[in-house]
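Colleague: Sharing a structure, written as structure tokens. Questions coming.
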Amino acid sequence: MRRNRLIATLALALATAGCGARDTEQGNLDSLDNQLADAGSSNSRDPALMAALHDQIMVDPALAQQANADAVRPPTRPYSGAVPADPVAGATNGGATGDGAGTSETLKSAPAPKADGSCPQCEAARQSLTLGALASRQNDKRTASCAGEMRYSANWANRLPADLPLYPDARVSEAAGNSDNGCALRAVSFATSASLQSVIDWYYTRASGAGFAAEHEANGSQHVLGGTRSRDGAAFALFLTTRRDGGTDVDLVANNGS
């Protein structure tokens, strides 16, 4: 009988101890939950930590605009980077004219524009949106007939006639040509830092030296130097306008490319 009582007492003690342990563990869990909940609702536990977690991130607005170098989508605007202005070539001095490339040579002076101010080619240039359209409006039949099949590529700028090459410091923006079916048509648009008069004199010197009979037309800011050569039917037209920085924008069309 005593043995049964002892066993019952031990069992009750163990059960009581187990409940106490469970109660202690549960109390610890409840206390931890309360601490976490309290940390989430206020910064009283650790103000520095909560401020770091909840405050806004500091960013540099100027750098943020360019922080897309490795993004899948391109940035919303181009990266900033100003391009230095081109220097303007020197004026004619004693017959030696700067060519915009750091050299000088003696040039012939191009004839003055027609006294009556007529310039049919100026109107053709204003109405032409592409080099092909400009070529198609030329009076020379060989040039106009080859204009319809012109193809655009920067490589055509390297195949201009040997006697009418690119201006020394030319910056090509567009070029086109046609070498099919007997055509040798070339057209190129470029800009130069040289003055308009310097460019006209430079091309007039080459054209007249190569046997072209050239004439000069002008209407307002638009100038045209054009000519033909009787021995082979070669023809060219040079369209020039002055840029705001003092340089010159040029379109050149020639039917005797290389």
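Colleague: Place a point 7 Å from the Cα of T130 along the Cα-to-Cβ direction; which residues of the range 150-179 have their backbone N under 15 Å from it?
Modeller: Under 15 Å, as judged by backbone N against the label point of T130, lie 150-154, 174-178 of the range 150-179.
Colleague: Something else now. Full-extension gain between K108 and R231, please, as 0.36 nm times their residue separation minus the C-alpha to C-alpha distance.
Modeller: 42.0 nm
Colleague: Taking each pair of distinct Cα atoms in the range 135-222 once, what is the resulting Kirkwood hydrodynamic radius in Å?
Modeller: Result for the range 135-222, one decimal place: 14.3 Å.
Colleague: Points 7 angstrom from Cα along the Cβ direction at S258 and A162: gap in nanometres?
Modeller: The two pseudo-label positions are separated by 0.8 nm.
Colleague: Shifting gears a bit: Can you tell me how much longer the chain between A213 and S179 gets when fully stretched, taken as 0.36 nm per residue apart minus their C-alpha distance, in nm with one decimal?
Modeller: Answer, rounded to one decimal: 9.8 nm.
Colleague: Along its three principal axes, how long is the range 108-254 when you only count alpha carbons? Whole Å, largest extent first please.
Modeller: 38, 32, 29
Colleague: Ranking S109, S136, S195 by Cβ neighbours within 10 Å, fewest first, what do you get?
Modeller: Ascending number of Cβ neighbours within 10 Å: S109, S136, S195.
Every number in this text was worked out from the coordinates using simple rules, so none of it is lab data. Remember, predicted model here, so these are calculated numbers, not experimental data. Methodologically, a virtual Cβ is constructed for each residue, glycine included, from the backbone with ideal geometry; neighbour enumeration extends over all protein chains shown.
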